[in-house]
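The values are calculated or read from the model by the stated rules, or taken from the named source; none is laboratory data. Being a predicted model, the structure only gives us computed values, none of them experimental. When we count neighbours, we look across all protein chains shown, and the Cβ atoms used for this are built from the backbone with ideal geometry, even at glycine. Surface areas here come from the heavy atoms of the whole protein model, side chains and all, with no ligands, DNA or RNA. Shrake-Rupley method; radii C 1.70, N 1.55, O 1.52, S 1.80 Å.
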Amino acid sequence: MKRKYWVRWLDSFSDYLKSVGLVAFAIAFALCGAAADAQQPKKLARICYIGNTVSLTAEMIKPFQQRLREIGYIEGQNVIIDYRYYEGQIERLPDLAAEFVRLNCDVIVTQGTEAPEAVKNATKTIPVVMAFGADAVRRGIVADLARPGGNITGMTSIGVEIYGKRLELLKETVPKLARVAFIWSPTNPDGGFQVKVAETVARFLRVEIQSLEVKGPDDFEGAFQAAIKKRAQALIVGGGGFFSAHQKRIVELAAKRRLPGTYPNLQYVEAGGLMLYNEDRSEMFRRAAEIVDKILKGTKPADIPVERPKKFDLVINLKAAKQIGFTVPPAVLARATRIIR
């Protein structure tokens, strides 16, 4: 009887030791796996950014970078941002887009009107987020704002109609305005259309538009000479990456000819231009960062509606006004969201 008892006890004890051994092995295996995971670095998300000039991009992209940090993305820790610049040379965009495709970016972010088209031609699979750009539907970048389809989403402008609003502001700002020089570039897909929209509004305002096409850097001087020869009283500067790369020269030529002007982005006015009316691009860049976050977390671009801006800026540079001997009417100043003194 005692022998049977001890045999049963030894069998039970043996089973216990086996179970303890299995548990210990499982714990050791899990610890080894955890150590291996700790040694294996997590994949960094790669954001590829196409900008215009180095200096312009560095300034414009700050709200994008700040919003990414607020969300939790730290460059070098969980995200890498690769930057490429076309320096106003639109013809370089296809090569930059192709380079980003070879890098196998997780998301491509574009700045401006011309870049989305180059990226659209380069890839149908890598997600693309527009930080800003001309009317994406009219230009065929996306099928529909609410349902963009494809691999491109982000932010788009309200359209070239904004040039009509800029002309209205010039009419309010310049007494007895009758003739406006409009310089534009054919490198911008919307260049000629911008002029047509302004001409439509001009007819109602009884203002004549002088269309001045600038094909290259050597054409700026001649365009301003033509404006003065035809007695233009004010200036509208068209949009696009080529012009943005030559902001300083454009502003200097306008000041030299004492032409009050309205410009397509804030950097012109900060460089000495008179007036800006445009979308609040700081807010657009912040929203672009949030859209990038959605994509990195698994949402498809086709399911993210393309957004139009909701906030607009009227910025007036009083230092520039003083330089050309111009007085901005109080009624216009009262509507400004920012005044540079």
Residues located in the stretch 273-331, provided they are part of a helix (DSSP H, G or I), farther than 25 Å from V251 by Cβ and open to solvent by less than 40 Å² (accessible area, probe 1.4 Å): A288, A289, I291, V292, D293, I295, P301, A302
Of the candidates D135, D82, D95, D144, the one satisfying the condition of being in contact with an Asp or Glu (Cβ under 8 Å, 6 or more places away or on another chain) and acidic (D, E) is D135
Near pairs, Cβ below 7 angstrom, 6+ apart or cross-chain, from the stretch 88-116 (more than 24 Å from I250 (Cβ to Cβ) and open to solvent by less than 10 Å² (accessible area, probe 1.4 Å)) to any residue that is in a helix (DSSP H, G or I) and β-branched (V, I, T): A97/V119; V107/V292; V107/I295; I108/V119; V109/V292
Top-ranked residue of the stretch 136-182 - restricted to ones that are within 19 Å of the chain's Cα centre (by Cα) and basic (K, R), ranked as most open to solvent (accessible area, probe 1.4 Å): R138
Cβ-Cβ under 8 Å pairs, at least 6 apart or on other chains, the stretch 236-256 side more than 16 Å from Q89 (Cα to Cα) and touching a residue at least 24 places away in the same chain (Cβ under 8 Å), far side in a helix (DSSP H, G or I) and acidic (D, E): L253/E221
Strands (runs of 3 or more DSSP E) (entirely within the stretch 97-183) containing at least 1 residues that are modelled with pLDDT under 95 and touching a helix residue (DSSP H, G or I) at 6+ places or on another chain (Cβ under 6 Å): 128-132
Which residue out of F220, F193, F242 is aromatic (F, W, Y), under 22 Å from the mean Cα position of the chain (by Cα) and either assigned to a loop (DSSP other than H, G, I, E, B) or surrounded by fewer than 24 Cβ atoms within 10 Å (Cβ to Cβ) (or both)? F193
Pairs, first over 17 Å from G222 (Cβ atoms) in the stretch 177-193, second open to solvent by 10 Å² or more (accessible area, probe 1.4 Å) and hydroxyl-bearing (S, T, Y), C-beta under 7 Å, six or more apart: N188/T113; P189/T113; D190/T113
Would you check if A198 is in a helix (DSSP H, G or I), surrounded by fewer than 21 Cβ atoms within 10 Å (Cβ to Cβ) and touching a Leu at 6+ places or on another chain (Cβ under 8 Å)? no
Test V269 against the criterion of being closer than 16 Å to E59 by Cβ and either of a type in the set (S, T, N, Q) or surrounded by 22 or more Cβ atoms within 10 Å (Cβ to Cβ) (or both), and give yes or no. yes
Residues in the stretch 52-88 that are among the β-branched types (V, I, T), part of a strand (DSSP E or B) and more than 17 Å from the chain's Cα centre (by Cα) total 2
Determine, yes or no, whether K124 is without any contact (Cβ under 8 Å) to a residue 60 or more places away in the chain and open to solvent by 40 Å² or more (accessible area, probe 1.4 Å). yes
